[in-house]
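Structure, as C-alpha cells:
Every number in this text was worked out from the coordinates using simple rules, so none of it is lab data. Nothing here was measured: the structure is a model prediction, and the numbers come from that model. Counting neighbours? That spans all protein chains shown, and the Cβs are built from the backbone with ideal geometry, glycine included.
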Amino acid sequence: MTAPLDTEGPAAPPRSNGELMFAEPWESRAFGMAVALYEAGAFTWPRFQAALITRIAVWEAEHDQDGEPWNYYQHWLGALEDVLAGQGTVSDAEVTARVRALDRRPAGHDHPH
C-alpha cells in the first residue's frame, strides 16, 4: 500500500521536477513517518489529508500576508500529531514530552560534519 499523495491542492507536498523536496532532514523523517504509519494501517489517508488541509487553512487565516515564513512540513507534522492524538494513539502529553527531550539535544547531534 502506498500513500496516495496529492500532486495539486493544499495537501500536495512541495516538488521540483516531480521529485519531493525536503529542505531539512527532519522534514523527510516526518514525511516518512506519516507514510509508514499509514502503510501500517494506523490511520486512513483521507483522515490525514483532512487534518493537513485544516492545519494549512488555519495557518493561512491567522497569517494572512503577515510575512511569517511558511513551512509545509511543520503543517504535515502537526497534522500527523492531530490524527494520532485524536484517535488516542499518542497523547498530547507524550508528544510534548518527546518534543522537550529532542529540544534538549545539541544542535547537529545526528548530522556529523
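Observations, loosely collected:
- Average projection area in nm² (convex hull over Cα atoms of the chain, one quarter of hull surface): 8.9
- The chain, helix-only ellipticity at 222 nm - DSSP H runs n ≥ 4, -39,500 (n - 2.57), divided by all residues, nearest 500: -17500 deg cm²/dmol
- Using a Förster distance of 25 Å, the FRET efficiency for T7-A107 (Cβ separation, nearest 0.05): 0.15
- A57 sits among other residues whose Cβ lies under 15 Å from its own Cβ, and their net charge, with Lys and Arg +1 and Asp and Glu -1, is -4.
- Within-14-Å neighbourhood charge of Q87 [Cβ basis; K, R +1; D, E -1]: -3
- Working from label points 7 Å from Cα in the Cα-to-Cβ sense, the T54 to E24 distance is 2.5 nm.
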